[in-house]
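Everything on this sheet refers to the single structure shown next.
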Amino acid sequence: MVALQFTECTNSSTLILNSPLSRKSLHHNRRRLSPPQSQGGGRRLHLPRASHSQPPPPLAANRREFIAQTASLSLALSSIAVFAPEAKSEDLLADWERVYLPIDPGVVLLDIAFVPEEPKHGFLLGTRQTILETKDGGYTWVPRSIPSAEDEDFNYRFNSISFKGKEGWIVGKPAILLHTSDSGETWERIPLSSQLPGDVVYIKATGEKSAEMVTDQGAIYVTANKGYNWRAAVQETVSATLNRTVSSGISGASYYTGSFNTVNRSPDGRYVAVSSRGNFYLTWEPGQPYWQPHNRAVARRIQNMGWRADGGLWLLVRGGGLYLSKGTGLTEDFEEVPVQSRGFGLLDVGFRSQDEAWAAGGSGVLLRTKNGGKTWTRDKAADNIAANLYSVKFIDEKTGFVLGNDGVLLRYLG
C-alpha cells in the first residue's frame, strides 16, 4: 500500500510527498484541499486525512501502468502546490499568532488594554499618534480617530492606557490626557499643567473618576474627580531624593540624569523603576513620602524590572541576563536564572498565571517558563520575526499580546 505524507514547509508553500511505492501496488487516495483559513493574520494549510470508506482500485498491471499512475499523482500534487497560499514562517508560531495591523511599518507599539465590561473590546497604542481599536478580542484592528487629540499640530506618542469598568484613561507625550466614561465610544481631553515634572509615562484607572498617574521623573499623582484636580502622592522628585541621600552609598546616583528608563506597578500599588542609565533601581509603596533607591545586585546594568505573580521581583540586565529576587516583596537579594537569549537583550516579562510567564526581547526572542521562572525554554518559531519585542501583556489567562517595533503584534493562542 502507498503511504503518503504531506509536509507544509514554513518558508514556502511547497508540499513534499514521501512515497515508498511498491512496484506491485499503488492505492489512489482522493484528497480534498480545504480552503486556507486565516485568523488574526495567521495562515494555515489543512489537508484532511484520506478517506478509506471506498475499496482500493485494482493493482497496477505492469510497469508501464505503474509509471503512468505515478506521473498522474505527481501532476496532481504539482497543481495543489501551485494554488496553495504562501505561508510566512513568522505566522506559524506554536503559542502565538502574528496579527497584521493597518499602520505604518515604523510604528512602535507601546500599550494595550481591554474594557472589563466588554472583554473583546480593546485599544492598542503606539508612536506616531497611533490608536487602534478591536471589538473581536484582538483578531482584527482598525484605526481610531479621536478629534480632541488632533486639534494641535503634534505627533503624539501614546504611552499608556487603562480601564476600570467602562471608564478609561490614555496618556501620552507631549503631555496629553484623554478620558472616557462609555467604554471608549467617546473620549474627552482633560488639560494637564504645563508645570508637570517630566513626561507622563503611565496611568492606572483605580475607580470611578479615579486614577493614578506617573511621570518619568518620579512624580506620582492621584485624582478622584476625573482628572480635574491631582494630588501629589510623593513629596519630592527622584532628583531631590538622590541629592539628599547621595552619601547613603547608592552607586551611580551622582550620574542620574533625572528620569526613569522603565517603571512598573504591582496589582497592590507598589512601584519599581529603573534609572535611565541602569545604574540602580528605586521602589515606592503607598504611604511612603519619597522613592527608595537601591543598589543593583548584579554587575551588568539593569534593563527592566517588574513584579512576579507571587509578589517577588524579576530583573533583566543588558545582554540578556535574567534574575529573580529571593522570596517575595522588596529585596536587594537576587539570583540569576540561565536563559537562552542567543545574546540578544531581554526587554520585558509578563506572567500569564502563577507559574507560567513569557519573556520577550530583541530580534524576536521569546522565552517561556512553566514553573514560576526557575527554568526557561526558547520558542524557536519566533526567531524569524525581524523585530524587537518590547512588551508582554496578559489581560487574563486566555488573552495575551506581545508588542514590538515595526507594528509587530503577537496574539496568544493558548
Handout entry: Long-range HN-HN contacts of ASN261 with modeled amide H, under 5 Å
Key = VAL274, SER275, SER276
Problem - Amide H contacts under 5 Å for GLY320, placed H, 5+ residues apart - result: LEU346
Practice task
Give LYS120/LYS393; LYS120/LYS374; LYS120/LYS166; LYS120/LYS173 a once-over and call out the pairs whose C-alpha atoms are over 21 Å from each other.
Solution key: LYS120/LYS374; LYS120/LYS173
Practice task
Go ahead and run the numbers for FRET between VAL142 and GLN354, Cβ-Cβ distance against an R0 of 35 Å, rounding to 0.05.
Solution key: 0.50
Problem - Amide H contacts under 5 Å for VAL201, placed H, 5+ residues apart - result: VAL214, THR215, ASP216
Practice task
Starting from the coordinates of the alpha-carbon atoms of the stretch 272-373, obtain the Kirkwood hydrodynamic radius over all distinct pairs and give the value in Å to one decimal.
Solution key: 13.9 Å
Problem - Volume in Å³ per residue [convex hull over Cα atoms, computed for the stretch 91-235] - result: 124 Å³
Completion exercise
A correct Kirkwood calculation over the Cα atoms of the stretch 316-361 returns a hydrodynamic radius in Å of 11.5 Å
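Coordinate-derived values only; no laboratory data. Note that the structure is predicted; figures quoted are calculated from it, not measured. Cβ: placed from backbone, ideal geometry, glycine included. Neighbour counts: every protein chain shown.
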